[in-house]
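Participant: I have a structure here, written as structure tokens, and I will follow up with some questions on it.
The values are calculated or read from the model by the stated rules, or taken from the named source; none is laboratory data. Note that the coordinates shown come from a computational prediction; the quantities given were computed from them, not determined experimentally. Here the Cβ positions follow ideal geometry from the backbone for every residue, glycine too, while neighbour counts run over all protein chains shown.
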Amino acid sequence: MYGAIEAGGTKFICAYGSSPKNIEFSEAIPTTTPEETMKRVKGFFASRKLKRAGIACFGPLEISKGRIGLFTPKLDWRGFKIQKAVEKALGCPAILDTDVNGAALGEHLWGAAQKSRHFVYVTVGTGIGGGVMVQGQLVHGLLHPEIGHMRVRRFAGDSFAGNCPVHGDCLEGLTAGPAIAARWGVEKAEQLPEHHPAWPMTAHYLGQMVVNLTCSYSPEILILGGGISLRKDMLEMVRQTAAQEMNGYAPLPEIVIAKLGASAGVLGALALAKGHKT
């Protein structure tokens, strides 16, 4: 059996099994301090004999060092050596990658990208992040793709300063759930009604993102995950905006919604544990 951990900025989801059809999930474990969170992770896996574990973790990550990066907004987790901590808690080797790379791998094996070896997965929710697969291999490079921090042109009349603590008005600072909520003065973006002007504005920024990713990676498929992507008519608005922004210069990828939903990350972690190459 294999262990799988989706280490999110707000919650950890753990799982134990050998395939998506044979898997047991934990309850959501709140992401508090590393000590408290890892204690509960260890408790879920107690007495379970594992061959290996996979960790799909929030970032940015220093994957080669097995740790969470020094610029993560989760202050208690900066520099935390999560790979070694999981190996100690579970008593088995562990493989570390980003949460969005894990989700991309899950979608490739069992979801919306099963027929593609060249695609991009993007989640739009509390934050914005993405995983890129080129010729069957997930892109890492100097660090790993940070799609949420690309720069975009302003929507007409949008004077919101942006709420990214590092870049202000990058894509995530303008378009993630907390940015939408802050711009329109609500607690959560989900509270805004269906026909609110927030949604065409969001589609404008996501359409630019699609064009930027298309010009950079030329993917066959672009998969959108996360709660913001699931808003009514959002997918079609993003398609239309992307087509307007590309202006016929190059073909756009097929733009689809993630099939694995909230399970994409933890299933990707399972794939990492089973040795699927990234």
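Each row is one residue, and each column tells you yes or no for (1) crowded, with 16+ Cβ neighbours inside 10 Å; (2) assigned to a strand (DSSP E or B); (3) modelled with pLDDT under 95.
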| residue | (1), (2), (3) |
| --- | --- |
| Ala4 | yes, yes, no |
| Cys14 | yes, yes, no |
| Thr37 | yes, no, no |
| Val41 | yes, no, no |
| Ser47 | no, no, yes |
| Gly54 | yes, yes, no |
| Phe71 | no, no, yes |
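Participant: Let me ask you something else. What is the residue count in region 111-146 for residues that are assigned to a loop (DSSP other than H, G, I, E, B) and either among the polar types (S, T, N, Q) or surrounded by fewer than 16 Cβ atoms within 10 Å (Cβ to Cβ) (or both)?
Facilitator: The qualifying residues number 10.
Participant: Taking region 223-278 on its own, how many of its residues are part of a loop (DSSP other than H, G, I, E, B) and farther than 24 Å from Ser19 by Cβ?
Facilitator: 12
Participant: Filter region 181-199 down to residues that are touching an Asp or Glu at 6+ places or on another chain (Cβ under 9 Å) and part of a helix (DSSP H, G or I) and give me whichever is nearest to Val122 (Cα to Cα).
Facilitator: Per the criteria, the residue is Trp199.
Participant: Would you mention how many residues in region 200-237 are within 15 Å of the chain's Cα centre (by Cα) and farther than 14 Å from Thr123 by Cα?
Facilitator: Selection size over region 200-237: 0.
Participant: Out of the residues in region 147-163 meeting the condition of being part of a loop (DSSP other than H, G, I, E, B) and in contact (Cβ under 8 Å) with a residue 40 or more places away in the chain, tell me which one is farthest from the chain's Cα centre (by Cα).
Facilitator: Asp158
Participant: Working only within region 18-33, note down all residues that are surrounded by 17 or more Cβ atoms within 10 Å (Cβ to Cβ) and either out of contact with any strand residue (DSSP E or B) (no Cβ under 7 Å at 6 or more places or on another chain) or in a strand (DSSP E or B) (or both).
Facilitator: If the condition is that a residue be surrounded by 17 or more Cβ atoms within 10 Å (Cβ to Cβ) and either out of contact with any strand residue (DSSP E or B) (no Cβ under 7 Å at 6 or more places or on another chain) or in a strand (DSSP E or B) (or both), then Pro20, Ile23, Ile29 are the ones that fit.
Participant: Restricting to region 80-96, give me the number of residues that are out of contact with any Leu (no Cβ under 6 Å at 6 or more places or on another chain) and either modelled with pLDDT under 95 or assigned to a loop (DSSP other than H, G, I, E, B) (or both).
Facilitator: Of the residues in region 80-96, 4 are out of contact with any Leu (no Cβ under 6 Å at 6 or more places or on another chain) and either modelled with pLDDT under 95 or assigned to a loop (DSSP other than H, G, I, E, B) (or both).
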